[in-house]
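S.K.: Have a look at this one before I ask anything.
The values are calculated or read from the model by the stated rules, or taken from the named source; none is laboratory data. In this text the structure is predicted, and so the values were computed from the model without any measurement. Note that each Cβ is placed from the backbone with ideal geometry, even for glycine, and that neighbours are counted across all protein chains shown.
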Amino acid sequence: MVDKNCISTISHIRFDPTQPKSEDIEITDIAHALSLLTRANGHFSVFFSVARHSINCALEARNRGYSKRVQLLCLLHDAAEAYIGDMTRPLKMKIPYFSQIEGKYQDIIFSKYLDGGVTDGEKQLARDIDDAMLYHEFLKFNGEKLLEGVSRISVDLDKSIKSETETREEFLSLFYELAGR
């Protein structure tokens, strides 16, 4: 009998999504799911995935001269969404339990793939890039300015639009390069 409290990943790992464990987390599951999840709940003029956003964040970190560790953090900063889906920021702030579960996932993912915890300084660098990407993505794909005072980005958003398959493969390739695997 199937446990209704479990999810099943593309690699057939079954687990309770409210009780994540390191052994349930696989980078191939993350790359696959994020390449199919849309940014902005699908409210862009083109298909633009969370994986593509994450790749762009990592590339922006590289272009800014940040360490491979910060680049990897940027690549994985939304990895929990592969297991629990995406929720818009305004809603996420109003549902603290969701944020707690998301935090558990991110802690496990960072511990597994970044060899331990992430410093506040590293988180701030990733957050600044995430905010800059959010601003420029909404401006480019929705014609809307969401934030004030964000930095420019060097990543060309037009050139980053690729198929889900290309995005998944690029995500994995970048992960293996940055993680030294």
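S.K.: Residue check: is Ser111 modelled with pLDDT under 95, closer than 16 Å to Leu34 by Cα, among the hydroxyl-bearing types (Ser, Thr, Tyr) and under 16 Å from the mean Cα position of the chain (by Cα)?
M.R.: The answer is no for Ser111.
S.K.: Restricting the search to region 95-150, which residues are assigned to a loop (DSSP other than H, G, I, E, B) and over 24 Å from Thr28 (Cα atoms)?
M.R.: Ile95, Thr119, Gly143, Glu144, Lys145, Leu146, Leu147, Glu148, Gly149, Val150
S.K.: Among the residues of region 25-53 satisfying the criterion of being at pLDDT below 95 and touching a Phe, Trp or Tyr at 6+ places or on another chain (Cβ under 8 Å), which is nearest to Thr88 (Cα to Cα)?
M.R.: Among those that are at pLDDT below 95 and touching a Phe, Trp or Tyr at 6+ places or on another chain (Cβ under 8 Å), it is Ala40.
S.K.: Within region 118-150, can you find the residues that are over 18 Å from Ala58 (Cα atoms) and either exposed (fewer than 12 other Cβ atoms within 10 Å of the Cβ) or without any contact (Cβ under 8 Å) to a residue 40 or more places away in the chain (or both)?
M.R.: Once the filter is applied, which keeps residues that are over 18 Å from Ala58 (Cα atoms) and either exposed (fewer than 12 other Cβ atoms within 10 Å of the Cβ) or without any contact (Cβ under 8 Å) to a residue 40 or more places away in the chain (or both), region 118-150 yields Leu139, Lys140, Gly143, Glu144, Lys145, Leu146, Leu147, Glu148, Gly149.
S.K.: Can you find, within region 54-93, the residue that is modelled with the highest pLDDT among those that are surrounded by fewer than 14 Cβ atoms within 10 Å (Cβ to Cβ) and assigned to a helix (DSSP H, G or I)?
M.R.: The selected residue is Asn63.
S.K.: Can you pull out the residues in region 94-117 that are surrounded by 13 or more Cβ atoms within 10 Å (Cβ to Cβ) and of a type in the set (Asp, Glu)?
M.R.: Glu102, Asp107
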